[in-house]
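Visitor: My questions will all concern the structure given below.
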Amino acid sequence: MSHPRPLTTTWTTLDRHTARVAVDGDLDYDTADRLLREVVDRLPQLRDLHVDLSALGFCDSYGLSVLLMVRRHVDASSAVLHLDNRPTSLERLLTVTNTLQHLTGDRVVAHQQTPEP
């Protein structure tokens, strides 16, 4: 069994309205709230948020819940969420829980209603 890895985040501002956060470590019950707080604090000035997950270790159900909360906050602020460089383990978790399209699909398409015939 591997040891838990603490979560670190590194923020980069790409332009006035675009930020990138590199997530390194485990996104779990003990660490995920930090990511949510940081995202919520920065959202008012963002139009695009890129979350680089290439160094993500483990993601448990609470980490997934926080990713869903991040998506909700990003949508509410009319920004766009990009989950970049998703590791295979996260891709599998999103697929099994049927949240892949919700978290990675186009914000407009995800909320579009089907017209009645």
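The values are calculated or read from the model by the stated rules, or taken from the named source; none is laboratory data. It should be emphasised that the depicted structure is a prediction, and the values quoted were computed from it without experimental measurement. Please note: Cβ atoms are built from the backbone with ideal geometry, for glycine as well, and neighbour counts cover all protein chains shown.
Visitor: On the basis of being basic (K, R) and loosely packed, with under 15 Cβ neighbours inside 10 Å, does R71 make the cut?
Guide: Values: basic (K, R): yes; loosely packed, with under 15 Cβ neighbours inside 10 Å: no.
No.
Visitor: Across segment 57-99, which residue is nearest to P6 (Cα to Cα) among those that are out of contact with any Lys or Arg (no Cβ under 6 Å at 6 or more places or on another chain), among the hydrophobic types (A, V, I, L, M, F, W, C) and in a strand (DSSP E or B)?
Guide: Ranking the qualifying residues of segment 57-99, first place goes to F58.
Visitor: Follow-up. Take V40 and tell me if it is free of Cβ contacts under 8 Å to residues at least 40 places away in the same chain and either within 24 Å of P6 (Cβ to Cβ) or not β-branched (V, I, T) (or both). Before the answer, list the steps.
Guide: Working: free of Cβ contacts under 8 Å to residues at least 40 places away in the same chain: yes; either within 24 Å of P6 (Cβ to Cβ) or not β-branched (V, I, T) (or both): yes.
It is true that V40 is free of Cβ contacts under 8 Å to residues at least 40 places away in the same chain and either within 24 Å of P6 (Cβ to Cβ) or not β-branched (V, I, T) (or both).
Visitor: What are the pairs with Cβ atoms under 6 angstrom where one residue, in segment 54-75, is within 10 Å of A32 (Cα to Cα) and at pLDDT 95 or above and the other, located anywhere, is among the aliphatic types (A, V, I, L, M) and not in a helix (DSSP H, G or I)? Sequence gap at least six, or different chains.
Guide: C59/L27; G63/L27
Visitor: A follow-up question, please. On the given criteria, is V23 among the β-branched types (V, I, T), closer than 19 Å to L93 by Cα and in contact with a strand residue (DSSP E or B) (Cβ under 9 Å, 6 or more places away or on another chain)? Step through it out loud before you land on a result.
Guide: Working: among the β-branched types (V, I, T): yes; closer than 19 Å to L93 by Cα: yes; in contact with a strand residue (DSSP E or B) (Cβ under 9 Å, 6 or more places away or on another chain): yes.
The answer is yes for V23.
Visitor: Return the residues of segment 23-41 that are touching a helix residue (DSSP H, G or I) at 6+ places or on another chain (Cβ under 7 Å) and small (G, A, S); say none if nothing qualifies.
Guide: Within segment 23-41, A32 is the sole residue that qualifies.
Visitor: Further question on the same structure: Working only within segment 1-35, note down all residues that are surrounded by fewer than 16 Cβ atoms within 10 Å (Cβ to Cβ), under 11 Å from D48 (Cα atoms) and not acidic (D, E).
Guide: Across segment 1-35, the qualifying residues are T13, L14, R16, H17.
Visitor: Pull up segment 20-56, narrow it to residues that are assigned to a strand (DSSP E or B), of a type outside the set (V, I, T) and under 15 Å from D75 (Cα atoms), then point me to the one that is farthest from the chain's Cα centre (by Cα).
Guide: As a first pass, look at segment 20-56 and keep what is assigned to a strand (DSSP E or B): 20-27, 48-56.
This time we only want the ones that are of a type outside the set (V, I, T), so: 20, 22, 24-27, 48-50, 52-56.
Next cut, under 15 Å from D75 (Cα atoms) only: 48-50.
Working: D48: 12, L49: 9, H50: 8 Å.
Among residues in segment 20-56 that are assigned to a strand (DSSP E or B), of a type outside the set (V, I, T) and under 15 Å from D75 (Cα atoms), the one farthest from the chain's Cα centre (by Cα) is D48.
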